[in-house]
Every structure is written in C-alpha cells, then in structure tokens.
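A short write-up of the structure that comes next.
The values are calculated or read from the model by the stated rules, or taken from the named source; none is laboratory data. Here the structure is a predicted model, which is why all the values come from computation and not from measurement. Don't worry about glycine lacking a Cβ; one is built from the backbone with ideal geometry, like all the others, and counts go over all protein chains shown.
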Amino acid sequence: MDRLPCGELPPGGRCDLKTLAGEAGVNRTGFYPKKDPNGTVRDGPYQHLAEEFVRRLKALQEAGTLPDPRDAQVARLKAESNTLRDRLARQSATIEELASFKTLAPSRIAAQQEEIIRLRSPQPNPDTPPVARLTTVPGGSQTIGSCS
C-alpha cells in the first residue's frame with residue numbers, strides 16, 4: 001500500500017484498488033462491503049485497508065501530487081486543452097473583428113475619396129459660405145506699432 005502512492009507502479013498498473021489487490025495477492029472484492037443472504041451488510045475483510053488507501057490518495061491529490069503518471073498526464077493535457085480552447089476563442093473573436101473591418105473598409109475608403117475629390121474641386125459648393133480673400137499690402141510686410 002505504501003509503494004503505489006509513491007509512484008512504484010507495476011507495468012500496466014495504476015494507482016487504484018485493482019492494482020493494490022493484484023500486488024497484495026488478494027481478491028479485489030475483499031476491499032468492498034459484503035451483503036449476507038438475509039440482507040445485512042458487513043465490512044469486507046480488507047475494507048479498512050481500502051479506505052486507508054483511498055484516504056492517502058486523496059491527501060496526496062489535495063497536496064498537488066499525482067502518484068500515477070497517467071493521471072498526471074491527463075491533468076496536464078486537460079490544462080493544455082483549456083489553454084488552447086481559450087486561445088482559439090480569442091483568435092475567433094479577432095477574426096470576426098477583422099472580417100467586420102474588411103467589410104466596412106471599402107465603403108470608408110470610397111467616402112474619403114469622394115470627400116477628397118469634393119475638396120479639390122474648383123467649383124465652390126453652394127452649401128458652404130463664401131470665403132473672403134486676404135489682400136497683400138503693397139510694399140511687403142510692414143510692422144505698425146510696437147512688437148513688444
């Protein structure tokens with residue numbers, strides 16, 4: 001019972017009651033309660049050992065130790081799977097944003113192009129107020145008054 005939680009597993013074995021029974025050379029059903037023909041339930045001959053084994057396993061798992069390498073691998077793969085699912089969800093959201101932008105971009109470019117053409121056109125737009133032209137003073141720029 002002490003070897004299995006330490007990771008000393010037989011080939012093809014796991015850290016469970018079936019392997020414990022095989023290593024101890026006893027029948028696995030001895031770890032479970034028995035029912036008499038009259039319906040009364042009594043403890044199995046090794047039930048107390050099974051309860052102790054399960055208690056030790058739970059204590060190790062709560063401490064973050066997984067004695068069975070397959071269980072550790074399953075836990076690692078589940079964590080990796082969750083990370084990849086989160087990454088995939090973020091990438092899907094980014095793709096949706098970019099697809100939306102791709103749909104809107106041509107209409108924005110067309111509107112900007114129309115605005116550029118309108119601003120470059122020599123004809124004044126009747127909707128805009130007239131702009132007064134500033135005239136230059138003959139003789140260049142002359143300062144009148146104090147500059148201080």
Original post:
Taking the stated definitions as given, is G44 part of a helix (DSSP H, G or I), free of Cβ contacts under 8 Å to residues at least 24 places away in the same chain, surrounded by 13 or more Cβ atoms within 10 Å (Cβ to Cβ) and out of contact with any Asp or Glu (no Cβ under 9 Å at 6 or more places or on another chain)?
Top reply: no
Original post:
If you go through the stretch 64-78 one residue at a time, do you hit one that is more than 30 Å from D2 (Cβ to Cβ) and modelled with pLDDT of 85 or more?
Top reply: no
Subject >> Odd one out for S92 among (1) closer than 30 Å to C15 by Cβ; (2) modelled with pLDDT of 95 or more >> reply: (1)
Subject >> Members of the stretch 1-31 found to be among the polar types (S, T, N, Q), exposed (fewer than 14 other Cβ atoms within 10 Å of the Cβ) and in contact with a helix residue (DSSP H, G or I) (Cβ under 8 Å, 6 or more places away or on another chain), listed by number >> reply: N27
Original post:
What tally of residues in the stretch 49-74 results from selecting those that are surrounded by 13 or more Cβ atoms within 10 Å (Cβ to Cβ) and within 24 Å of the chain's Cα centre (by Cα)?
Top reply: 5
Original post:
Among (1) within 30 Å of G12 (Cα to Cα); (2) outside the structural domain of L9 (by TED's automatic domain parsing), where does L49 come up short?
Top reply: (2)
**OP:** May I ask you to list pairs of residues, at least six apart or on different chains, whose Cβ atoms are under 9 Å apart, with the first in the stretch 9-26 being within 15 Å of E52 (Cβ to Cβ) and the second being of a type in the set (D, E) and surrounded by fewer than 16 Cβ atoms within 10 Å (Cβ to Cβ)?
**Re:** C15/D71
